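Take a look at the structure below.
The numbers here are math on the coordinates, done by the rules we state, and not lab data. Keep in mind that what you see is a predicted model, and the values were worked out from it rather than measured. All Cβ positions, even for glycine, are placed from backbone atoms using ideal geometry, and neighbour counts span all protein chains on display.
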Protein chains: 2
Amino acid sequence: MTVEPKKYAEGSFTDDYLLFLLAQASAVASEAFHAELRNSGLRVSTWRILASLYPEEVLTVGALAQTCLLKQPTLTRALDRMERDGLLKRVHSTKDRRSVFVKLTPQGHELTQEKVHMAKSHERRILSGFTKPQAAEIKNVLHSLLDRLGHRKKLTEKRAETDPL
Amino acid sequence: MTVEPKKYAEGSFTDDYLLFLLAQASAVASEAFHAELRNSGLRVSTWRILASLYPEEVLTVGALAQTCLLKQPTLTRALDRMERDGLLKRVHSTKDRRSVFVKLTPQGHELTQEKVHMAKSHERRILSGFTKPQAAEIKNVLHSLLDRLGHRKKLTEKRAETDPL
DNA sequence: CGCGAAAATATTACTTTGAATATATTCCAA
DNA sequence: TTGGAATATATTCAAAGTAATATTTTCGCG
């Protein structure tokens, strides 16, 4: 990325502290889209669950909790609501009967598709402030952070292979 | 940053969606440090407030809510607790009597100093997985995102200049 | 001026979250 | 093979968050 390095010699310690920069960038970037979601009657957590299962993922509750950044008890209750509303269904694993797989229903898929369009549109809007290579670099940086922090590995292991019919 | 571009052609839509990458990077990067904080008896929100005021910032409640990513009512209650515990104090602005400035007490400053050391140590640990230029590039990307999204501007306007003695 | 709209913070009432725990199942070592 | 540790999910309940609203003060305009 070839943007001039800025020195925020401002005041607070937080002005150049990695965890704050990440949290703030995430919050500020998401703000507008999250407002759209709520206006259309969806909570952020519901959206994250739907999006993580889109288009055809089948994940255990635990794996889903990780991608969605939700604690397991929070997720379980969200799943209750969404299952009741016909957006997804739970399938008990036959191999390990402790595990529960989650997948979208056709109805859930349809709703998600619509929101994914909104999400992509919003993403384009944000990245439109950057050149193509800059935009690529932003995602690149985030991908490598996640890799180094050993995030993705754990998750892909949990993706259902063939179990749930 | 010169890390090879990885294609997560995995499965889910979210695997290359900016807002998810940001939220996940933030969560995963913070995980360990936030656990440290809780073990030492501090909530994340309390830490954010302390850190935002360190070393000698004087911010209004509203400005503080923004940097800390807290809703104003949430912050007000946290400030009640922290003021009660002697970590900070509120000073009513004389220019605009609606505004309330917040600043650390010496005791709050001392506690924060200690935690800031932990935070910096943790940050080094995370960035140690990268070369110097890569690490710089990570922060660079986040700074430019925040700039383009028009974050910092609003905040610096709210920093107290000379009002609270 | 004076009054209605806007702004900053506090308060209230309700909802959501999550740490701790329970339950069910699987894994593993003796 | 069996009993204890580990794992996956569900449940519970106290704590934290927040939308809506109240309160106080300032601003802008006729």
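Structure above, values below:
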read-out: Two-site label geometry, A:Lys89 and B:Glu56: point separation in nm, points 7 Å out along Cα→Cβ; value: 6.6 nm
read-out: Partner chain coverage, peptide B:84-94 - average Cβ within 10 angstrom; value: 0
read-out: Under 12 Å, Cβ to Cβ, from A:Leu69 - net charge with Lys/Arg +1 and Asp/Glu -1; value: +1
read-out: Interchain or long-range residues, amide H under 5 Å from B:Phe101's placed H; value: B:Val91, B:His92, B:Ser93
read-out: Label-to-label distance, nm, for residues given as B:Arg97 and B:Glu114 (7 Å Cα→Cβ offset); value: 4.0 nm
read-out: Local electrostatic count, A:Met118, Cβ distance below 12 Å [Lys/Arg +1, Asp/Glu -1]; value: +1
read-out: Peptide ranges B:49-59, B:34-44 listed from the most packed, as the mean C-beta count within 10 angstrom indicates; value: B:49-59, B:34-44
read-out: 9 Å beta-carbon shell around A:Lys103, net charge (K/R +1, D/E -1); value: 0
read-out: 10 Å Cβ neighbours from other chains, averaged over peptide B:126-135; value: 2
read-out: Test item: A:110-121 mean partner chain Cβ contacts at 10 Å; value: 1
read-out: Cα shape, region A:56-131, gyration tensor, a/c 1.5 rule; value: prolate
read-out: Subset of B:Lys103/B:Lys132; A:Lys89/A:Lys115; A:Lys71/B:Lys71; A:Lys120/B:Lys120; A:Lys89/B:Lys71 violating a 24 Å alpha-carbon distance limit; value: B:Lys103/B:Lys132; A:Lys120/B:Lys120; A:Lys89/B:Lys71
